[in-house]
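Participant: Pasting in a structure now, in structure tokens, and then I'll have a few things to ask.
Please treat every number below as a calculation from the coordinates, not as lab data. Note that the structure is a prediction, hence the values are computed from the model and not measured. Every residue, glycine as well, gets a Cβ built from its backbone with ideal geometry; the counts of neighbours run over all protein chains shown.
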Amino acid sequence: MLSMARSCAVVGLEGALIEVEVDLATGMSAFTIVGLPDAAVNEAKDRVRSAIKNSNCSFPFKRITVNLAPADLRKEGPVYDLPIAIGILIASEQIADGELIHNALFLGELSLDGSVRHTNGVLPMVALARERHVKTVFVPAVDALEATLVEGIEVYPVETLYQLIEHLNGVTRIQQYTPDSSLLDHDSELHTGQEMSAIRGQEHVKRALEVAASGGHNLLMSGPPGSGKTLLARAVPSILPRMLIEEALEVTKIYSVSGMLSSDVPLIRQRSFRAPHHTISHAGLVGGGRIPRPGEISLAHRGVLFLDELPEFGQNVLEVLRQPLEDKIVTISRAHGSITYPANFMLVAAMNPCPCGFYGDPVRECTCSATAIARYQKRISGPLLDRIDIHIEVPRVDYEKLADKRNAESSATIQARVQQARERQLHRLKGTSLTCNAEMGPAEVRSFCDVDTGGEKLLKAAMQQLHLSARAFHRVLKLARTIADLAECDIIAANHVAEAIQYRPKIRL
């Protein structure tokens, strides 16, 4: 007898509908799975057999053939355990075949005792169900809250295979899952990260961080060891603007596919802060592997990617950041196809000015030669530096500032200004897919970056004296637009342009 149950695969961050066809034939007992299954899918044979036996059902001793269609799409992971088990039970007439099964999606891994375990990528799978007008999904109970993020879908939490069999046979119904609104609507304003008020001195660096957070601009800090670069970077999440619901769903989808989503808080409302070590591989940073997975730059989507000790990263690793910094996406190509992941992140990097770290320090003498300093700084290529909007020096902090008892400005105060500036940008960019100034292209810069006469003269002088590239020119304008937004000005003035220009990198040795 032939039966069919529907499931789903994840390709990149999008779902793909999978039809699980099961055929029972007479002959020698065998269990075959076809349709490009990986090792985890092939091992489903043993899990399904034990789960069916331990769910008070009989496993048919016939020639069982399971086809996962479409056959040219590689299947991976244990998500097909549940639909395979349902297909076998339908084919062996232990579950009544009907409209309920044909209009449903089955997702879940089976344990040997028949319980249904967590599955990665539930959110994009359920989103596909809505696109294909599938009204009902059966998911592991631990993933039910995540599944309800997609509106218009009936979600049924399944704890055991036996419970699902009873439901499909009309014996004992599973109650449709209704989420606790408090779990999805937790306070997104509670920031994470280091508190700005705990950082003494470095007021000009705090200002640069505020500008960067307001417009989503990339930033590079350079200074001697112990000057507070890492501490300042870890304070950035505390001043970032609140996430839009569309942004939260994008980030949640990435973490769901990566298996990093907490079952307690299924919707990520905090902007991510990723700080990989400088020994990270190319695939670890941008994503990849035999079966491509999102890398650190995608996990930092809509958040911060912090690269400490920037020159220590491999040159090949750093150079692959060029395209994501410009296009806000990363495309991974393999023999069987290419996958595109979002990578719209704010780059915050820190570095020492030289190998010993004390070049330009007024207290400690630098022991590096001019050649060594130049070689160290040139580990970061010019094209990559050109894509960083803000370059800021972080000097040594004096004792008087460290011992100052006065309260510094809190993260909440700075975050309020950042939020206000970001809302001005959202209003200005309404009708486009852009959310902040850093995402603007040349057309948007021309439309939204109106400069007064004094600002234009200053820009012309900067182009001639600093030899700015076309990319640097547009980045200065976008940065000046953000500075003007913080000042609540509609027109970019000369002082806004001046501040943007002074964030450009200094002449290298």
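Participant: Among K206/K405; K328/K430; K45/K75; K378/K401, which pairs are too far apart, with a Cα-Cα distance over 22 Å?
Facilitator: Pairs exceeding 22 Å: K378/K401.
Participant: Rank-order 81-93, 235-247, 257-269, 340-352 by packing density, defined as the average count of other C-beta atoms within 10 Å over each peptide's residues, highest first.
Facilitator: Taking the mean over residues of other Cβ atoms within 10 Å, the ranking is 81-93, 340-352, 235-247, 257-269.
Participant: Moving to a separate point now. Using DSSP to call loops (not H, G, I, E or B), can you name the trypsin sites (Lys or Arg not before Pro) in region 336-404 whose Cβ has at most 15 other Cβ atoms within 10 angstrom?
Facilitator: Numbers: sites: R364, R375, K378, R379, R387, R396, K401; in loops: R364, K378, R379, R387, R396.
Counting only loop positions with at most 15 other Cβ atoms within 10 Å, the trypsin sites (Lys or Arg not before Pro) in region 336-404 are R364, K378, R379.
Participant: Compute the Kirkwood hydrodynamic radius of region 1-114, taking the inverse of the mean of 1/r over all pairs of distinct Cα atoms, and give it in Å to one decimal.
Facilitator: Radius from the Kirkwood sum: 13.9 Å.
Participant: Separate question: Let's test the formula: R0 of 41 Å, r as the Cβ-Cβ distance of A461 and D398. What FRET efficiency results, to the nearest 0.05?
Facilitator: In this case the efficiency is close to 0.75.
Participant: Given a cut-off of 21 Å, what percent of all Cα-Cα pairs of region 222-321 lie beyond it?
Facilitator: Within region 222-321, distances greater than 21 Å cover 41 percent of Cα pairs.
Participant: Right, something else. Give, in nm to one decimal, the length gained when the segment between R379 and A30 is fully stretched (0.36 nm per residue of separation minus the Cα-Cα distance).
Facilitator: Stretched fully, the R379-A30 segment lengthens by 119.7 nm.
Participant: Would you mind giving the three semi-axes, in whole Å and largest first, of the ellipsoid equivalent to region 127-168 according to its Cα gyration tensor?
Facilitator: Semi-axes from the Cα gyration tensor: 19, 12, 6 Å.
Participant: Still on this structure, I have one more. Can you give the angle from 0 to 90° between the axis of helix 203-215 and the longest principal axis of the chain, with both taken from C-alpha atoms, to the nearest 10?
Facilitator: Helix 203-215 sits roughly 40 degrees off the main axis of the chain.
Participant: For the charge dipole of the chain, defined by +1 on Lys and Arg C-beta atoms and -1 on Asp and Glu C-beta atoms about the Cα centroid, which residue among A494, S3, T279 has the Cα displaced farthest towards the positive pole?
Facilitator: Result: A494.
Participant: What are the extents of the Cα atoms of the chain along their three principal axes, in Å, largest first?
Facilitator: 84, 47, 45
Participant: Rounded to the nearest 500, what is the chain's calculated 222 nm mean residue ellipticity when only DSSP H runs of at least 4 contribute -39500 (n - 2.57) each, over all residues?
Facilitator: One gets -10000 deg cm²/dmol as the mean residue ellipticity at 222 nm.
Participant: So how tilted is helix 411-428 from the main axis of the chain? Cα-based, degrees 0 to 90, rounded to 10.
Facilitator: 80 degrees
Participant: Report the per residue volume, in Å³, of the convex hull enclosing the C-alpha atoms of region 49-202. Write out the running numbers ahead of the final one.
Facilitator: Numbers: hull volume 26.6 nm³, N = 154.
Dividing the Cα hull volume of region 49-202 by its residues yields 173 Å³.
Participant: Place a point 7 Å from Cα of N316 in the direction of its Cβ. Which residues in region 265-291 have their backbone N less than 19 Å from it?
Facilitator: 277-291
Participant: Still on this structure, I have one more. Translational diffusion coefficient, Stokes-Einstein: compute it for region 196-418 using the Kirkwood radius over C-alpha pairs as Rh, at 20 °C and 1.002 mPa s, and state it as an integer in µm² s⁻¹.
Facilitator: For these conditions, the coefficient is 115 µm²/s.
Participant: Let me ask something else. What is the helix-to-structure angle for 453-466, meaning the angle in degrees between its Cα long axis and the longest Cα principal axis of the chain, kept from 0 to 90 and rounded to the nearest 10?
Facilitator: Taking the Cα atoms of the chain, the angle to 453-466 is about 90 degrees.
Participant: Turning to a different aspect of this structure: Taking other Cβ within 10 Å of each residue's Cβ, how do K478, K45, K460 sort, fewest first?
Facilitator: K460, K45, K478
Participant: Between the alpha-carbon centers of region 27-64 and region 413-471, tell me the distance in whole angstrom.
Facilitator: That distance is 60 Å.
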